[in-house]
Amino acid sequence: MRAGFPDFRLGSVLATSFTGTLSERRGNAVERIPVPHRLVDWLAVYGLAVDSCTTAELDLARELRESIHAAATAAAIQDALPAPAVQVINDYSAHGRAAAVLTPEGKRRWLLGPVPCVEDALSVIAADAISIIAGERDGKLALCASPTCQAAFFDTSQSRTRKWCDMNTCGNRQKKARFNANQGKNPRSAE
């Protein structure tokens with residue numbers, strides 16, 4: 001990863017991990033893809049390597065990211081999906097030339113067009129979003145319990161009761177805050 005930029009929050013679900021490239025949406029927002037080459041870096045981490053990205057393509061990626069976030073949030077709270085977000089997701093899904101291929105190890109890998117481009121990668125992300133929002137995969141959409149985050153995430157835990165988008169960030173922060181609050185209530189327990 002390139003120095004000087006916030007780390008990526010990597011998850012196992014492509015679409016919701018993509019929405020996590022803007023974190024702390026209800027606090028001091030952290031943009032994790034502030035420049036085009038950071039989008040190239042993020043895509044490479046998820047096996048969607050492209051050679052380059054323009055500022056205009058980064059803007060398109062952010063439009064898709066925000067549309068997925070809006071639709072996933074609505075789905076998580078069982079609200080009506082916002083029509084403009086659905087349209088953006090559908091448009092991106094339909095415009096790429098990516099194909100799923102099977103590796104000799106029995107894994108799925110994405111093969112982008114003959115000249116891998118951002119548009120192809122975004123179509124894969126949009127298709128993944130459609131899959132989870134439509135309920136085609138085993139899991140459920142939920143919202144992070146952190147009041148400054150509230151990111152949509154895909155809960156694949158056995159009980160489907162996960163509270164945090166990422167235990168190492170939001171979960172730890174909330175547990176630490178609860179611990180510190182309890183220490184303030186009971187100063188003797190610190191001795």
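Things to note:
- Extension gain, Val30 to Arg160, is 44.1 nm, computed as 0.36 nm per intervening residue step minus the present C-alpha separation.
- Most mobile of Glu66, Glu31, Glu105 in a GNM of the chain (Cα contacts under 10 Å): Glu105
- For Leu22, residues with placed amide H under 5 Å, excluding near neighbours: Arg32
- Cα gyration tensor shape of region 1-70, rounded if a/c is under 1.5, else prolate or oblate by comparing a/b with b/c: rounded
- Of Leu81, Leu102, Leu48, the one that fluctuates the most in a GNM where the chain has Cα springs shorter than 10 Å: Leu102
- Given the alternatives (1) 36; (2) 42; (3) 65, percent of Cα pairs over 26 Å apart as computed for this entry is given by (1).
- Excluding ligands, DNA and RNA, the accessible surface per residue across the chain is 55 Å² with a 1.4 Å probe.
- Entry note, the chain: the mean residue ellipticity at 222 nm calculated from DSSP H runs of n ≥ 4, each adding -39500 (n - 2.57), is -13500 deg cm²/dmol after division by the residues and rounding to the nearest 500.
- Exposure of Ser93 as accessible area (Å², to 10), given a probe of 1.4 Å and all protein chains: 40
- Rounded if a/c under 1.5, otherwise prolate or oblate - region 76-183, Cα gyration tensor axes: prolate
- Among the cysteines of the chain, Cys53, Cys117, Cys170 have no other cysteine beta carbon within less than 4.7 Å of their own.
- Centre-to-centre separation between the Cα atoms of region 7-42 and those of region 107-145: 15 Å.
- Shape category assigned to region 62-135 from the gyration tensor of Cα positions, a/c cut at 1.5: oblate
- Candidate lysines - alpha carbon under 30 Å from Lys107, same-chain residues fewer than 8 apart omitted: Lys140, Lys163
- Relative contact order of region 110-174, pairs being alpha-carbon contacts under 8 Å that are 6 or more residues apart, as %: 21
- Solvent-accessible area of region 1-107 (1.4 angstrom probe, protein heavy atoms only): carbon and sulfur portion equals 54 percent.
- Each Cα pair under 8 Å and six or more residues apart adds its sequence gap; the mean of these over the residue count of the chain is a relative contact order of 21 percent.
- At the residue level, Trp164 shows approximately 30 square angstrom of accessible surface with a 1.4 angstrom probe and all protein chains present.
The values are calculated or read from the model by the stated rules, or taken from the named source; none is laboratory data. Computed from a predicted structure; not experimentally measured. Note: ideal-geometry Cβ built from the backbone for every residue, glycine included; neighbour counts use all protein chains shown. To get the accessible areas, we keep the full protein, side chains included, count just its heavy atoms, and leave off ligands, DNA and RNA. Shrake-Rupley method; radii C 1.70, N 1.55, O 1.52, S 1.80 Å.
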